[in-house]
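Enquirer: The structure follows.
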Amino acid sequence: MLIEQLINGLTLGSIYAIVALGFTLVFGVLGIINMAHGEIFMFGAFIGVMITSTLNAPLWVAFLGAIIITAIMGYLLERFALRPLRHKQGVSHLAPLISTIGVSILLENLSHHLFGAGNHPFRTSFAEISFQIGSITIYLVQIVIFVISIVLMLVLTFWLGKTRAGKALRATAENLETASLLGVDTKKTILMTVIIASAMGGIAGILVGMAFNSVTPQMGLSMGLKGLAIIILGGMGSVRGAMLGGLILGLAETFIVVYGDSGYRDAIAFLAIIIILLIRPQGLFGQKIST
Amino acid sequence: MRQVLKKFVGVAAVSSMLLLSACGNSGDQTSGSEGGKVEADIGVVSFLTGSGAAYGEAIQGGLKLAQEEINAKGDVKINLIFEDSAGKQDQALTAAQKLINSDNVTAIIGPTLSTEMNVVGPEADLSGVPIIGTSTTAEGIPQIGDYVFRNSIPEALAIPASMQKAVDKYDVKKVAILYGNDDVFTKSGYDTMKKTAEEMGLEVLTTETFQKGQSDYNAQLTKIKNLNPDLILASALYNEGAVIMDQARKMGIDVPFVGGNGFNSPEVINIAGKSSNGLIVATPWYSEKEDEKVQEFVTKFEEEHGHVPDQFAAQAYDALYILADALKNAGSSDRDAVKDALAKTKDFEGILGNFSFDEEGDVLMDPTVLVIEEEKFVEFK
């Protein structure tokens, strides 16, 4: 029972982590919270459902489709909801936040019209593959989710720390003006960041669809809030923090159900965040810049 | 000779139609005159956007179909005015007030959720507007006042009926309960389940909760699995319920589930597929019933919406017919006359079955218990 619950917690935590990675990337560079991230994640899941169920295409096509569509959505988000507000006289620093909230409401309602209000099952034979160890059933999807989240974290860490583009990104995060004076194409860097973050949201969407077999237009909101809580817990803009924060939240939620009352599932998880913040206000891995 | 007769019948039919339409025109304002048809504005408050928009869609579909048929028959002419409540109490109240005061409707159908009815019901009762809930199954709804009715079977009647049959058949001793604790509807279903389980002397191994829109139930289900219940009582709406069953079956839980009213929808099968086998629900609505009216409704609804109507559509459909019946009997669109006529509804033969209101405006009818077998709802015996 303990091992089964541990697997449940790790699966949930890995999904939280992937969602939070997208949040933290955008926050690290732009210093804003992208409230539309949850809805982009939801769209990724729906694209996956459409491609696998309606078109009967294989799973890798679904992944590719979701990544492409969410990347395009990321481009549109940056181009029309964020860029016009940057460096404008008299625009409040809260404006981009409000603008992303607007986008999230738009996307949620759009998905209502496009996909309908109900729950969509995610049918793919891949999600059915499982191993039996004793009385424990492990699904391949659960392992894949865990592995993907670790790989994404490692790739992001490497990319930010070791590559030119990553350095440009960190320079942009440090100081936009200075970076652009030093020859960094900040416009392109910011655009890239938002696109990559959105595509990661799309990947997370498909993974959730496969793991829980449930895709609804409302899933973006709760996942978005959890992702937000995680980056506060892990430290704003920190990649390792997002990963660890996600796992902590996933495990905490699962074990509250095991040893406590499932009614307090959300409450206890967020209570833990308040306590950690009281002890370490900057979050577990909080630094100014992401590494 | 035959030719002449045919012609005569034809002419008679045409002239009577002309006569009827003439009556209709003159009767528009002075509704209720002898032989003229009653015209009435009916307000609908429904959950059209947001997490429960699927219910609103079904209800709207059922009402519109009934409206077309009733208006085509010509005894009563009904105009429907739809307002969205978005599942929120305050918005439902505003919508109802608008319908009562500025649109001056004869009666209201809706709102969708029992929570909404708890605020809209008293308001309608105070204003003297008859109101019929088509999906409000929580306890105490018709008791709000004389003007408040419902044609949705209360959970307090449906759940014990299905539990009794399941317990008898599977020789159940131990149960686990799972319910959504952030909704009056699923909470009230849980209260009934708990009470019924106690009365039947069943051992409740654990009580787990979840919230609307949650997608991961593995933690709760793993816990339930390890306790080995004979039966799982799940008070959930179908969107969550179907996913719960899917995750439970994947985990290796193969005991039957007993669900409340919100769990009873063909969508469960669409979403959960073969995992939905073994779900037992009591229902006022059975779309496979061998009844001409039922099959006609199902065919028409399917043509328009592409799927089989669920109970929300069926209950809304019947509610408008009950209301049309009352309007006809009242002979006018006066709110009080309609209320009195509604209260007298007895042995109404709708698609749900033989229907009457009791003295409080609550439902009197027998539910059918269904089980999903091989991805189909069949009668549970």
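Enquirer: Going by the structure shown, is B:S235 under 28 Å from B:P284 (Cα atoms), modelled with pLDDT of 90 or more, surrounded by 21 or more Cβ atoms within 10 Å (Cβ to Cβ) and polar (S, T, N, Q)? Lay out the reasoning, then the answer.
Expert: On the way: under 28 Å from B:P284 (Cα atoms): yes; modelled with pLDDT of 90 or more: yes; surrounded by 21 or more Cβ atoms within 10 Å (Cβ to Cβ): yes; polar (S, T, N, Q): yes.
Criteria met by B:S235.
Enquirer: To continue, here is another question. Take residues that are surrounded by 14 or more Cβ atoms within 10 Å (Cβ to Cβ), touching an Asp or Glu at 6+ places or on another chain (Cβ under 8 Å) and at pLDDT 90 or above and tell me which of the helices (runs of 4 or more DSSP H) falling wholly in the stretch B:1-109 contain 1 or more.
Expert: Working: elements: B:2-26, B:53-73, B:89-97.
In the stretch B:1-109, the matching helices (runs of 4 or more DSSP H) lie at B:53-73, B:89-97.
Enquirer: State which residue pairs qualify: first residue at pLDDT below 90 and inside the stretch B:215-227, second residue among the small types (G, A, S) and surrounded by 24 or more Cβ atoms within 10 Å (Cβ to Cβ) in any location, beta carbons under 7 Å apart, and separation of 6 or more residues or different chains.
Expert: From the stretch B:215-227, the pairs are B:S215/A:S214.
Enquirer: How about the stretch A:113-130: which of its residues are more than 21 Å from B:K274 (Cβ to Cβ) and surrounded by fewer than 16 Cβ atoms within 10 Å (Cβ to Cβ)?
Expert: From the stretch A:113-130, those more than 21 Å from B:K274 (Cβ to Cβ) are A:113-117; that's our starting set.
Once the filter is applied, which keeps residues that are more than 21 Å from B:K274 (Cβ to Cβ) and surrounded by fewer than 16 Cβ atoms within 10 Å (Cβ to Cβ), the stretch A:113-130 yields A:H113, A:L114, A:G116.
Enquirer: Residue check: is A:G201 surrounded by 13 or more Cβ atoms within 10 Å (Cβ to Cβ), of a type in the set (G, A, S) and under 24 Å from A:G38 (Cβ atoms)? Working first, answer last.
Expert: Working: surrounded by 13 or more Cβ atoms within 10 Å (Cβ to Cβ): yes; of a type in the set (G, A, S): yes; under 24 Å from A:G38 (Cβ atoms): yes.
Against the criterion (surrounded by 13 or more Cβ atoms within 10 Å (Cβ to Cβ), of a type in the set (G, A, S) and under 24 Å from A:G38 (Cβ atoms)), A:G201 qualifies.
Enquirer: Something else now. With the checklist (1) closer than 26 Å to A:N213 by Cβ; (2) more than 14 Å from every other protein chain (Cβ to nearest Cβ); (3) touching a residue at least 40 places away in the same chain (Cβ under 8 Å); (4) of a type outside the set (K, R) in hand, flag the one item A:N56 doesn't pass.
Expert: All conditions pass for A:N56, except number (3).
Enquirer: Something else: Of a type in the set (F, W, Y) and buried (at least 21 other Cβ atoms within 10 Å of the Cβ), is that true of A:F43?
Expert: Numbers: of a type in the set (F, W, Y): yes; buried (at least 21 other Cβ atoms within 10 Å of the Cβ): yes.
The answer is yes for A:F43.
Enquirer: For the stretch A:201-213, indicate whether the set of residues that are within 14 Å of chain B (Cβ to nearest Cβ) and in contact with a strand residue (DSSP E or B) (Cβ under 7 Å, 6 or more places away or on another chain) is non-empty.
Expert: Let us first name the residues in the stretch A:201-213 that are within 14 Å of chain B (Cβ to nearest Cβ), namely A:204-213.
Adding the requirement that they be in contact with a strand residue (DSSP E or B) (Cβ under 7 Å, 6 or more places away or on another chain) leaves A:209.
Among the residues of the stretch A:201-213, at least one is within 14 Å of chain B (Cβ to nearest Cβ) and in contact with a strand residue (DSSP E or B) (Cβ under 7 Å, 6 or more places away or on another chain), which makes the answer yes.
Enquirer: Evaluate the stretch B:70-91: report whether one residue or more is of a type in the set (A, V, I, L, M, F, W, C), touching a Ser or Thr at 6+ places or on another chain (Cβ under 6 Å) and more than 14 Å from chain A (Cβ to nearest Cβ).
Expert: no
Enquirer: If A:L110 satisfies every condition in (1) surrounded by 15 or more Cβ atoms within 10 Å (Cβ to Cβ); (2) closer than 25 Å to A:Q218 by Cβ; (3) of a type in the set (A, V, I, L, M, F, W, C) but one, which is the exception?
Expert: Failing condition for A:L110: (1).
Enquirer: Looking at the stretch A:227-257, which of its residues are within 11 Å of chain B (Cβ to nearest Cβ) and either within 13 Å of the chain's Cα centre (by Cα) or surrounded by 24 or more Cβ atoms within 10 Å (Cβ to Cβ) (or both)?
Expert: A:G250, A:E253, A:T254, A:V257 - these are the residues of the stretch A:227-257 that are within 11 Å of chain B (Cβ to nearest Cβ) and either within 13 Å of the chain's Cα centre (by Cα) or surrounded by 24 or more Cβ atoms within 10 Å (Cβ to Cβ) (or both).
Enquirer: What number goes with the only condition from (1) surrounded by fewer than 20 Cβ atoms within 10 Å (Cβ to Cβ); (2) touching a helix residue (DSSP H, G or I) at 6+ places or on another chain (Cβ under 7 Å); (3) in contact (Cβ under 8 Å) with a residue 60 or more places away in the chain that B:E288 does not pass?
Expert: (2)
Enquirer: Taking the residues in the stretch B:265-306 that are within 14 Å of chain A (Cβ to nearest Cβ) and small (G, A, S) as candidates, determine which candidate is farthest from B:D168 (Cα to Cα).
Expert: B:G306
Residue-wise test of (1) hydrophobic (A, V, I, L, M, F, W, C); (2) facing chain A (nearest Cβ under 9 Å); (3) touching a His at 6+ places or on another chain (Cβ under 6 Å).
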| position | (1), (2), (3) |
| --- | --- |
| B:G213 | no, yes, no |
| B:A219 | yes, yes, no |
| B:K223 | no, yes, no |
| B:N228 | no, no, no |
| B:I232 | yes, no, no |
| B:S235 | no, no, no |
| B:E240 | no, yes, no |
| B:I244 | yes, no, no |
| B:R249 | no, no, no |
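Enquirer: Any idea which residue in the stretch B:186-204 is nearest to the other protein chains (Cβ to nearest Cβ), counting only those that are surrounded by fewer than 18 Cβ atoms within 10 Å (Cβ to Cβ) and aliphatic (A, V, I, L, M)?
Expert: If we take residues in the stretch B:186-204 being surrounded by fewer than 18 Cβ atoms within 10 Å (Cβ to Cβ) and aliphatic (A, V, I, L, M), then B:V204 is nearest to the other protein chains (Cβ to nearest Cβ).
Enquirer: Only one of A:I138, A:I129, A:I101 is within 18 Å of A:L225 (Cβ to Cβ), out of contact with any His (no Cβ under 7 Å at 6 or more places or on another chain) and more than 10 Å from every other protein chain (Cβ to nearest Cβ). Can you tell me which? Steps first, please.
Expert: On the way: A:I138 fails: within 18 Å of A:L225 (Cβ to Cβ); A:I129 fails: within 18 Å of A:L225 (Cβ to Cβ).
From the options A:I138, A:I129, A:I101, the qualifying one is A:I101.
Enquirer: Oh, and also: Residue under question is A:Q132, and the condition is that it be part of a strand (DSSP E or B) and out of contact with any helix residue (DSSP H, G or I) (no Cβ under 9 Å at 6 or more places or on another chain); does it hold? Lay out the reasoning, then the answer.
Expert: Values: part of a strand (DSSP E or B): yes; out of contact with any helix residue (DSSP H, G or I) (no Cβ under 9 Å at 6 or more places or on another chain): yes.
Considered against the rule, which asks whether it is part of a strand (DSSP E or B) and out of contact with any helix residue (DSSP H, G or I) (no Cβ under 9 Å at 6 or more places or on another chain), A:Q132 comes out as yes.
Enquirer: Quick one: which of A:G65, A:G38 is under 28 Å from A:I143 (Cβ atoms), crowded, with 22+ Cβ neighbours inside 10 Å and in contact with a helix residue (DSSP H, G or I) (Cβ under 7 Å, 6 or more places away or on another chain)? Before the answer, list the steps.
Expert: On the way: A:G65 fails: crowded, with 22+ Cβ neighbours inside 10 Å.
Residue meeting the stated conditions: A:G38.
Enquirer: β-branched (V, I, T) and more than 19 Å from B:K165 (Cβ to Cβ): does that describe B:I232? Before you say what the answer is, go through the steps one by one.
Expert: Details: β-branched (V, I, T): yes; more than 19 Å from B:K165 (Cβ to Cβ): no.
Spelling it out, it is not the case that B:I232 is β-branched (V, I, T) and more than 19 Å from B:K165 (Cβ to Cβ).
Enquirer: Continuing with the same structure: Please go through (1) surrounded by 15 or more Cβ atoms within 10 Å (Cβ to Cβ); (2) under 24 Å from B:T136 (Cβ atoms) for B:S275 and return the number of the only condition it doesn't satisfy.
Expert: (2)
Enquirer: Another question, if that's okay. Taking the stated definitions as given, is B:G331 among the small types (G, A, S), in contact (Cβ under 8 Å) with a residue 40 or more places away in the chain, assigned by TED's automatic domain parsing to the domain that holds B:A138 and surrounded by fewer than 21 Cβ atoms within 10 Å (Cβ to Cβ)?
Expert: Numbers: among the small types (G, A, S): yes; in contact (Cβ under 8 Å) with a residue 40 or more places away in the chain: yes; assigned by TED's automatic domain parsing to the domain that holds B:A138: yes; surrounded by fewer than 21 Cβ atoms within 10 Å (Cβ to Cβ): yes.
Yes; evaluated as a whole, the condition is true for this residue.
Enquirer: Counting only residues that are under 23 Å from A:L244 (Cβ atoms) and without any contact (Cβ under 8 Å) to a residue 24 or more places away in the chain, which one in the stretch A:131-149 is surrounded by the fewest Cβ atoms within 10 Å (Cβ to Cβ)?
Expert: A:V147
Enquirer: Please verify whether A:N8 is of a type in the set (S, T, N, Q) and either assigned to a helix (DSSP H, G or I) or within 14 Å of chain B (Cβ to nearest Cβ) (or both), treating the condition exactly as stated. Explain how you work it out, then say what you get.
Expert: Values: of a type in the set (S, T, N, Q): yes; either assigned to a helix (DSSP H, G or I) or within 14 Å of chain B (Cβ to nearest Cβ) (or both): yes.
Against the criterion (of a type in the set (S, T, N, Q) and either assigned to a helix (DSSP H, G or I) or within 14 Å of chain B (Cβ to nearest Cβ) (or both)), A:N8 qualifies.
Enquirer: While we're on this one: Read through the list (1) part of a helix (DSSP H, G or I); (2) under 19 Å from the mean Cα position of the chain (by Cα); (3) buried (at least 24 other Cβ atoms within 10 Å of the Cβ), then give the number of the only condition that B:P309 fails.
Expert: The number of the failed condition is (1).
The values are calculated or read from the model by the stated rules, or taken from the named source; none is laboratory data. Keep in mind that this is a model prediction, so the values were computed, not measured. A quick note on method: Cβ atoms are made from the backbone with ideal geometry, for glycine too, and the neighbour counts reach across all protein chains shown.
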